[in-house]
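The values are calculated or read from the model by the stated rules, or taken from the named source; none is laboratory data. None of these values were measured; they are calculated from a predicted model. Using ideal geometry, Cβ is built from the backbone for each residue, glycine included, and neighbour counts are taken over all protein chains shown. Keep in mind that these areas ignore ligands, DNA and RNA; they rest on the heavy atoms of the full protein, side chains included. Shrake-Rupley method; radii C 1.70, N 1.55, O 1.52, S 1.80 Å.
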Amino acid sequence: MKIEILPAQVEDKPVLRHLLQLCLHDYSEFNGKEINDCGLFDYPYLDYYWTEAGRYPFLVCVEGKLAGFVLVRQLEAEKDEPLWQMAEFFILRKYRRQGIGREVAHRVFDQFEGRWQVIPQESNLPAQRFWQRVMEDYQQNNPTREFQ
Ligand SMILES: CC(C)(COP(=O)(O)OP(=O)(O)OC[C@H]1O[C@@H](n2cnc3c(N)ncnc32)[C@H](O)[C@@H]1OP(=O)(O)O)[C@@H](O)C(=O)NCCC(=O)NCCS
């Protein structure tokens, strides 16, 4: 299976905006957020991914088709090494439970060296289980990498 993680250009912003709506809809099952009067979920941070340093948006493609996205953010480092946050992570439903999320997360961890912060919403149990599994698997081959 060909999985690509492509840096999202500013021209891709509308695509990401659409995918974000699907992601926020999935989150809403767990965080109870309402849609606004236009029928959309609010997400005030998307523009910053092309205007602020330390933000990295990616589109995920499987066999050349859009299958998800990842938003990575650099946080203030407490130690010398950088601290990265998995700000948003989404795989479209039809592509789930095929190991794609794990492969994408592992490649993103490889790309950004340093410590990682991955904090799924407490009530989002599927995401909790996913990240626990994905980080455990990753640390087996990368025992020095730290997650918080
Ligand atoms: C969470 C999400 C990214 C998982 O993506 P995925 O491609 O289906 O994950 P994978 O197939 O790589 O799963 C790897 C392992 O994680 C665990 N896992 C994944 N989804 C799970 C679920 N719904 N319930 C329990 N465990 C799950 C399993 O251990 C799985 O291994 P297995 O299939 O061999 O049992 C996807 O369901 C999603 O986009 N959800 C909506 C958005 C979201 O909640 N994102 C996380 C924000 S923090």
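Values computed for the structure shown
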read-out	value
Residues of segment 1-23 that turn out to be open to solvent by less than 90 Å² (accessible area, probe 1.4 Å) and touching a strand residue (DSSP E or B) at 6+ places or on another chain (Cβ under 9 Å), as a count	14
Matching entry among 134, 104, 62, 70 (being free of Cβ contacts under 8 Å to residues at least 60 places away in the same chain and within 29 Å of residue 1 (Cβ to Cβ))	134
Conditions (1) outside any helix (DSSP H, G or I); (2) open to solvent by 80 Å² or more (accessible area, probe 1.4 Å); number of the one not met by residue 136	(1)
Residue that is surrounded by the fewest Cβ atoms within 10 Å (Cβ to Cβ), among those in segment 98-133 that are over 22 Å from residue 28 (Cα atoms), within 6 Å of the ligand (Cβ to nearest atom) and among the charged types (D, E, K, R)	133
Residues within segment 59-97 that are open to solvent by 90 Å² or more (accessible area, probe 1.4 Å) and not in a helix (DSSP H, G or I), tallied	7
Among the candidates 56, 48, 43, residue that is within 14 Å of the chain's Cα centre (by Cα), away from the ligand (no atom under 12 Å from the Cβ) and open to solvent by 30 Å² or more (accessible area, probe 1.4 Å)	56
